[in-house]
Amino acid sequence: MTIINKEFQGRIIGYARVSTRDQNLDMQLDVLQRQDCVQIFCEKISGVKKRPELEHCLSLLREGDVLVVYKLDRLARSLSEIVRICSELESKNIRIRSVKDNIDTTDYMGKFTMHIFAALAEFERNVIMERTREGREAARKRGKKFGRPQGLNPETQQKVKKAALLYQKGFAVKQICQQIEIKSKSTLYKYLQLENIPLRSFSKN
């Protein structure tokens, strides 16, 4: 659903999202409408579905536009995904404003905050990679052999490798499940175990 307040000029665009039926968009819309948005994209989804309104919103943004959200977690659930989206927009000279978080990349403090987020996401990726290396080394010392998982068909083996790669890059669990087309988180965790990938200290849904 899209709300247009006036003729679209490509200046300030809003995005609102709720993920369960017991939530509503009213509070987010009230805030976004006070931000002088010329267009607001509204998404009502469950956690396992794609976000067509966000994809549509991002595809319409152009250089000089400002994307406004109520909070950054409305834009994405994981820090790495937030950083990825914001970095892509920044490379196109598109700014991001998060009202509740008081972040606005049109000023230097907002840009500085996003750089901190990017550094934290990079740090987490490096920690995961280091833990993976340490885990593999410890497993080798115990005599564990690495290679193609036994009893898996080529398609599943490919999914296992892709799941491990995406997880190490910081993608959220639900995003990985969507990309490799599996329905169960437990299946993903089994895939990661096959690759000896340590789980994160906190869950990214």
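Applying a threshold of 32 Å to the alpha-carbon distances of K92/K185; K100/K190; K100/K162; K141/K169 flags K92/K185; K100/K190; K100/K162 as lying beyond it. Computed over the Cα atoms of the range 129-194, the ratio of the radius of gyration to the Kirkwood radius (Rg/Rh) comes to 0.98. For K50, which aspartates and glutamates qualify as cross-link partners when the Cα separation must be under 17 Å and same-chain residues fewer than eight apart are set aside? Partners within reach: D73, E81, E181. Among M114, M109, the ranking by other beta carbons within 10 Å of each residue's beta carbon, starting with the fewest, stands as M109, M114.
Here r is the Cβ-Cβ distance between Q193 and K92 and R0 is 41 Å; the resulting FRET efficiency, rounded to 0.05, is 0.60.
Bear in mind that the values in this text are calculations on the coordinates, not laboratory data. As the structure is a prediction and not an experimental result, all values here were calculated from the model. Please note: Cβ atoms are built from the backbone with ideal geometry, for glycine as well, and neighbour counts cover all protein chains shown.
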